[in-house]
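First the structure, in the form of structure tokens, and then the observations on it.
The values are calculated or read from the model by the stated rules, or taken from the named source; none is laboratory data. Here the structure is a predicted model, which is why all the values come from computation and not from measurement. As a convention, Cβ positions derive from the backbone with ideal geometry for all residues, glycine included, and neighbour counts pool all protein chains shown. Just the protein is used for accessible areas: all its heavy atoms, side chains included, with ligands, DNA and RNA removed. Shrake-Rupley method; radii C 1.70, N 1.55, O 1.52, S 1.80 Å.
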Amino acid sequence: HRLPDVSLRFAISETGKTAEMLKKRELDLGFVYTRLNDRDVHSIEMMQVNVCMVVSRGLLKDPQNTSWAELSQLPMVSGSADCPFQWVLNTQSDEYKQPAKTVVATDEYVMMELVKNGMGLCIMREDNARRLEAQGFVDILEDKTISIPLCVTVLRSRMEEPLITTALSAIYEVFGVKPE
């Protein structure tokens with residue numbers, strides 16, 4: 001409504017590829033999980049998002065308080081190397097052990113289908129995890145839930161462009177965030 005002459009196009013991008021897409025001007029703004037470590041990109045936190053470790057229902061007798069050593073024996077359904085959930089998981093716990101077997105799926109819906117069908121462990125947004133749990137497909141490892149920031153990103157060199165400032169203003173309003 002604020003920019004009636006501007007057409008919007010939404011693109012799906014993995015967090016790890018967003019900075020490069022901004023630099024190539026394939027994106028004007030990007031939403032990412034966690035702050036990007038790139039001096040050319042400004043990340044503005046919008047909210048915290050919980051991500052949960054889930055396991056296909058029936059793979060563990062007692063899914064609560066399972067050690068990382070035990071979990072590492074199960075296959076992991078994971079996003080690509082650009083998956084921020086995996087980045088955060090790798091740095092969250094000194095006890096975390098990389099699973100012996102990993103199945104990589106770069107689409108979150110494919111990941112959910114794989115874990116629904118008994119493939120093993122997966123880390124996913126809490127809203128998706130709770131839905132799959134309610135449907136009887138997964139158990140949530142409550143003690144492995146972590147919180148990460150959801151950020152909007154923009155090239156620092158474009159922060160003052162009218163299109164960017166107007167878009168950021170609308171995003172701040174939607175998320176109830178005060179402008180930086």
Q) In the structure shown, do any of LYS17/LYS101; LYS23/LYS101; LYS24/LYS101; LYS17/LYS97; LYS17/LYS116 have a Cα-Cα gap over 29 Å, and if so which? A) LYS23/LYS101; LYS24/LYS101
Q) Regarding the stretch 13-90, what is the average projected area of its C-alpha convex hull, in nm²? A) 6.6 nm²
Q: Quick one: which residues, 5+ away or cross-chain, put their amide H under 5 Å from the amide H of VAL77? H built at 1.01 Å from N.
A: VAL103, LEU121, CYS122
Q: Go ahead and estimate [θ] at 222 nm for the chain from helices alone: -39,500 (n - 2.57) per DSSP H run with n ≥ 4, summed, over the residue count, rounded to 500.
A: -8500 deg cm²/dmol
Q) Distance in nm between label sites at LEU8 and GLN98, each 7 Å beyond Cα in the beta-carbon direction? A) 3.9 nm
Q: Provide, for q = 0.17, 0.30 Å⁻¹, the log10 of I(q)/I(0) from a solvent-free Debye sum over equal Cα point scatterers in the stretch 95-143.
A: -0.51, -1.32
Q) At a probe size of 1.4 Å, how large is the accessible area of SER169, to the nearest 10 Å²? A) 50 Å²
Q. What share of Cα pairs, in percent, lie more than 30 angstrom apart in the chain?
A. 28 percent
Q: Enumerate the amide H contacts of VAL138 below 5 Å, restricted to partners 5 or more residues apart or on another chain; note that Pro and chain-start residues carry no placed amide H.
A: ARG57, GLU133
(Q) With a 1.4 Å probe and all protein chains kept in place, how do LYS144, LYS24, LYS178, LYS97 rank by accessible area, largest first? (A) LYS178, LYS24, LYS97, LYS144
Q: Quick one: what are the phi-derived ³J(HN,Hα) couplings along the stretch 107-113, Karplus 6.51/-1.76/1.60 with θ = phi - 60°, whole Hz, x for glycine and proline?
A: 10, 4, 6, 5, 4, 5, 5
Q.
If I take R0 = 25 Å and measure r between the Cβ atoms of VAL110 and ALA170 in this structure, what FRET efficiency does the formula 1/(1 + (r/R0)^6) give, to the nearest 0.05?
A. 0.20
